[in-house]
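The values are calculated or read from the model by the stated rules, or taken from the named source; none is laboratory data. Keep in mind the model is a prediction, meaning the values are calculated, not measured. We place every Cβ from the backbone using ideal geometry, glycine too, and count neighbours over all the protein chains shown. Side chains included, ligands, DNA and RNA excluded: accessible areas come from the protein's heavy atoms. Shrake-Rupley method; radii C 1.70, N 1.55, O 1.52, S 1.80 Å.
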Amino acid sequence: MNTKEKIIEWLLFACAALCVLTTLGIIAVLAIQSVQFFSEVPLKDFLTDTQWTPLFADKHFGILPLLSGTFLTTIIAITIALPIGLTTAIYLSEYASKTFRSTVKPVLEILAAIPTVVYGYFALTVVTPFLQIFFPSLSGFNAISPGIVMGLMIVPLISSLSEDALYAVPKSLREGAYALGSSKLQTAFRVLIPAASSGIIVSIILAVSRALGETMIVAIAAGQQPRLTLDPRVPIETVTTYIVQVSGGDVPHGSLEYKTIFSAGLSLFVITLILNNISFFVKKKYREQYE
Amino acid sequence: MNNEDIKTLKNNSFKVWAVFATSIGLVMLGILLVKIGMDGMHRISMQFFTSLPSRRAEEAGIFTAWVGTLWIMGTTALIAIPVGIGAGIYLEEYSKKGWWSSFLEINISNLAGVPSIIYGLLGLEVFVRLLHMGESILAGSFTLALLILPIVIVSTRESIKAVPKTLREASYALGASKWQTVWMQVLPAAAGGVMTGIILALSRAIGETAPLIVVGALTYVPFTPKSVFDSFTVLPIQIFNWVSRPQAEFLVNAAAGIIVLVAITIVMNGSAVLLRNRWQKNVKW
Amino acid sequence: METIRIEKKMKTNTEKQHEIVSAEFMPDENFSTKRKVMNKIETKNVHCWYGDFHVLRDVTIAIEPNTVTALIGPSGCGKSTYLRAFNRMNDLIDGFKLEGDVLIDGKNIYDKQMHVNELRKNVGMVFQKPNPFPKSIYENVAYGLRVNGINDKKVIDETVERSLKQAALWNEVKDNLHKNALGLSGGQQQRLCIARAIAIQPSVILMDEATSALDPISTGKIEDLIAELKKDYTIMIVTHNMQQAVRVSDKTAFFFLGDMVEYNNTKEIFNNPQQEHTRNYVGGRFG
Ligand SMILES: Nc1ncnc2c1ncn2[C@@H]1O[C@H](COP(=O)(O)OP(=O)(O)O)[C@@H](O)[C@H]1O
Ligand SMILES: [Mg+2]
């Protein structure tokens, strides 16, 4: 009886430990391949070269163009998602009726659940042509259109976490503000948002991290041309798109081209890891505050 | 205008903007649905579901894609569900508070935030190469299973946490062992939430494209898999393939494929929401 | 001692059902023998801590079999902690520590050899808030048997019926055995919890403010039940209700800020308390 209990506990432990193994595996895989990569390509070139052309005859291994593509689409996405998401959160937690909330929230969740390949199609076939009506110079592949779509896709991420944070603000704070003659709007912006700021920050960080790692939307609608630019109208390439592009082709295992996807992946992983850890500790901090 | 008027005006304009902000996502969803319906609905037919991929758009179908998706989903579920629930139980019921449990917690929270394509790189090196699974369903499923594991774990933990302590006490007081208590009382009481999490996790896995491309799912598979060691393609990859082609006829196929994929996603998410509501309503301790 | 106890049992078990079920249980050795030996319970110099917080100081009480003992005292004085020392439920709390001896029939239940799960099968507990499992009435009562490895449907059927009858609930639920227990009223739920506890035939029953969440009528029913169950079990109750202590208990222990101040016949405690604190408390001056 007791041995059975012990065995079960060990099995359960093994399940949990698998998560640690996964993390270690990711780090190991990225590190091993990247070490090999950097033995052939100097780190300095990787970080400062302004061209990324590993698949061409004239090879350059500067990650900056891929990073600029990644950041450009992410910035566009957050510029869209933050005001909309935060407003949605305020509206749902302070203004909307209960029935409205309970119908809108699941629909918003579906928005976040639709496969991103679908959004890629949407950006390519709806948003880009639509924008071209106003900006005829807009290229068929560009950063703005997938950026916008990505932004709308991550609205639920920001709105639901921010709403939880707003919801957790003690009632007494609201009442205090109303008692001083504040309007709903003033209360929301001057009292509630500051009070819920940690939660809102967490939601933004997670949204940024999600946008940085997003793959299919940009792979379909942003193009595959690494380019160090902040111009949202021209084709670019993100880190993720590059990995997909190489994996989809026939790059032999062990070649330098093969290793590039791991060094590119490592750059992405490090950035998202830092963001995730920041959000984890912010979250932990404010949980402690309320408890 | 006096101060009060300005206040009211501001309030009202905010409300207008808020309604716009709240509904824009829904509007996009609506346009999206109408667009794929217009583009692809006429392409949905028996032939579309039963045909192999083809160089001619009007003859191509999603047969190998949806069969591959079924295989991948089934295998992923078989791996991720027991492991995820097990890990959730361990964290909530067994592990003592301390550095190890906080470490596990940070770890899982980090895994949840790792971009899916990174899981693809992990799968490529570990499952495809190191463990010699090749570019098979098994390798793809293990990759996706690791990807959705954090979702299953987190939802398992949340639902187990919601089970009141008094239920455990009642069970222990009758002489039940820890595992008996967990298996016969806590898990059944948490089942609704756990199920919801599993459905959401699988619905996430169904739409995943990038990691499977990285582990080597094919874009052209003229046969259906017979075992987990066969190569495969899945619906989203087939769609991606069609979207990436220059010919417009393939976009029609892509739209039709998207209709199928979106329908599956909405059905899965809808049932998860229903299940959750139902469960929350039923559980009154 | 053992034979006397068994004889007494035979006399009090007027219901035929009970005898049959007891007979059925005989093959399972642990089950029947342990239950009949355990009867006298006592604590010697027991101290308890939650972390650094010393909640019980030097508590020594000896309790006779087939009596009802009431633990009274103001909130937070350690009654629940003391009660839960007897089935080691405190062990579930991180940082809990106990020193001293808790003896059941002379055996220290905190000994290394003691199996906690076996102990808890012999010391039943009823909680403050009714906490039936979110399952059918039948499964609630059957659970204790199932976790003991008893799956014989006939035995379970009989035990469910006997336990529900003993808990004075049978007539109210016999047609709805497979309905969810959460649908019962609070009082019914608490009687179900009592039925669940006695289904595995413990020797001792612990009740922690078992009636505090119930209306007066349900409370009355449970008090009657306690009087009835006393014939078969040694019972310890925690109560905030003085009248209840007077009505149902033989002995009363008064706790105050972690000390067991006075332990005596209930009549003595209420009519002729020896200690100042006890006098103040039963006189209603604080608490
Ligand atoms: N799990 C716990 N952790 C820390 N302190 C506790 C815990 N449970 C009870 N206590 C404290 O121990 C003291 C005794 O509690 P308890 O035995 O529940 O008292 P009573 O049942 O007489 O009200 C109280 O001061 C209470 O706050
Ligand atoms: Mg108490």
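For segment A:28-66, the set of residues classified as within 14 Å of chain B (Cβ to nearest Cβ) and either surrounded by fewer than 22 Cβ atoms within 10 Å (Cβ to Cβ) or over 16 Å from A:GLN224 (Cα atoms) (or both) consists of A:ALA28, A:VAL29, A:LEU30, A:ALA31, A:ILE32, A:GLN33, A:SER34, A:VAL35, A:GLN36, A:PHE37, listed by residue number. When A:GLY213, A:GLY248 are screened for being crowded, with 22+ Cβ neighbours inside 10 Å and either in contact with a helix residue (DSSP H, G or I) (Cβ under 9 Å, 6 or more places away or on another chain) or under 30 Å from B:LYS10 (Cβ atoms) (or both), only A:GLY213 passes.
With a requirement of 3 or more residues that are within 18 Å of the chain's Cα centre (by Cα) and either assigned by TED's automatic domain parsing to the domain that holds C:THR266 or surrounded by 23 or more Cβ atoms within 10 Å (Cβ to Cβ) (or both), the helices (runs of 4 or more DSSP H) lying completely within segment C:141-251 that satisfy it span C:153-166, C:186-198, C:216-229, C:242-248. Across segment C:252-278, the qualifying residues are those that are surrounded by fewer than 16 Cβ atoms within 10 Å (Cβ to Cβ) and away from ligand 2 (no atom under 16 Å from the Cβ), and the one among them that is farthest from C:ALA167 (Cα to Cα) is C:GLU276.
The set of residues in segment B:207-234 being in contact with a Phe, Trp or Tyr (Cβ under 9 Å, 6 or more places away or on another chain) and under 14 Å from B:SER51 (Cβ atoms) consists of B:VAL221, B:THR224, B:THR233.
Candidates are the residues of segment A:61-108 that are part of a loop (DSSP other than H, G, I, E, B) and touching a helix residue (DSSP H, G or I) at 6+ places or on another chain (Cβ under 8 Å); the one that is farthest from A:ILE243 (Cα to Cα) is A:ALA96. Residues that are more than 9 Å from ligand 1 (Cβ to nearest atom), not in a strand (DSSP E or B) and not polar (S, T, N, Q) within segment C:43-86 comprise C:ASP52, C:GLU64, C:PRO65, C:ALA85, C:PHE86, listed in sequence order.
In segment C:202-211, of all residues being within 14 Å of chain B (Cβ to nearest Cβ) and of a type outside the set (A, V, I, L, M), the one that is farthest from ligand 2 (Cβ to nearest atom) corresponds to C:SER203. Filtering segment C:215-241 to residues that are more than 14 Å from chain B (Cβ to nearest Cβ) and either within 16 Å of ligand 2 (Cβ to nearest atom) or basic (Lys, Arg) (or both) leaves C:LYS221, C:LYS230, C:LYS231, C:ILE237, C:VAL238, C:THR239, C:HIS240, C:ASN241. Cβ-Cβ distances below 8 Å connect the following pairs, each with a first residue in segment A:93-115 that is at the interface with chain B (Cβ under 8 Å from one of its Cβ atoms), a second residue that is part of a helix (DSSP H, G or I) and of a type in the set (D, E, K, R), and a separation of six or more residues or different chains: A:TYR95/A:LYS184; A:TYR95/B:LYS15; A:ALA113/B:ARG204. Could you check, for segment B:179-187, whether at least one of its residues is surrounded by fewer than 20 Cβ atoms within 10 Å (Cβ to Cβ), among the aliphatic types (A, V, I, L, M) and either more than 7 Å from chain C (Cβ to nearest Cβ) or out of contact with any helix residue (DSSP H, G or I) (no Cβ under 6 Å at 6 or more places or on another chain) (or both)? Yes: one or more hits.
I need the helices (runs of 4 or more DSSP H) fully contained in segment B:167-285, keeping only those with at least 2 residues that are over 30 Å from C:LYS121 (Cα atoms). Outline the logic, then answer.
Numbers: elements: B:178-181, B:187-207, B:210-214, B:235-243, B:248-282.
Filter on segment B:167-285 gives B:187-207, B:210-214, B:235-243, B:248-282.
Considering only residues that are assigned to a loop (DSSP other than H, G, I, E, B) and closer than 15 Å to A:LEU268 by Cα, look in segment B:110-141 and name the one that is farthest from the other protein chains (Cβ to nearest Cβ). This residue is B:VAL114. Note on segment B:1-109: enclosed helices (runs of 4 or more DSSP H) holding 3 or more residues that are at the interface with another protein chain (Cβ under 8 Å from one of its Cβ atoms), open to solvent by 30 Å² or more (accessible area, probe 1.4 Å) and farther than 27 Å from B:GLU158 by Cβ are B:3-40.
Evaluated against (1) small (Gly, Ala, Ser); (2) within 16 Å of ligand 2 (Cβ to nearest atom); (3) free of Cβ contacts under 8 Å to residues at least 24 places away in the same chain, C:ALA85 falls short on exactly one condition, (3). In segment C:129-137 there is at least one residue matching the filter, namely being within 16 Å of ligand 1 (Cβ to nearest atom), at pLDDT below 95 and crowded, with 16+ Cβ neighbours inside 10 Å. Being within 11 Å of another protein chain (Cβ to nearest Cβ), surrounded by fewer than 24 Cβ atoms within 10 Å (Cβ to Cβ), at positive phi and among the small types (Gly, Ala, Ser) is a property that holds for A:GLY254.
Of note, C:ASN90 satisfies the criterion of being within 14 Å of another protein chain (Cβ to nearest Cβ), in contact with a Leu (Cβ under 9 Å, 6 or more places away or on another chain) and within 16 Å of ligand 2 (Cβ to nearest atom). What about C:VAL102, is it more than 16 Å from ligand 2 (Cβ to nearest atom), of a type in the set (A, V, I, L, M) and assigned by TED's automatic domain parsing to the domain that holds C:PRO202? It is false that C:VAL102 is more than 16 Å from ligand 2 (Cβ to nearest atom), of a type in the set (A, V, I, L, M) and assigned by TED's automatic domain parsing to the domain that holds C:PRO202. Contact map, segment C:200-217: first residue over 17 Å from C:LYS40 (Cβ atoms), second residue of a type in the set (D, E, K, R) and away from ligand 2 (no atom under 13 Å from the Cβ), Cβ cut-off under 7 Å, separation 6 or more or different chains; pairs are C:ILE200/C:LYS121; C:GLN201/C:ARG35.
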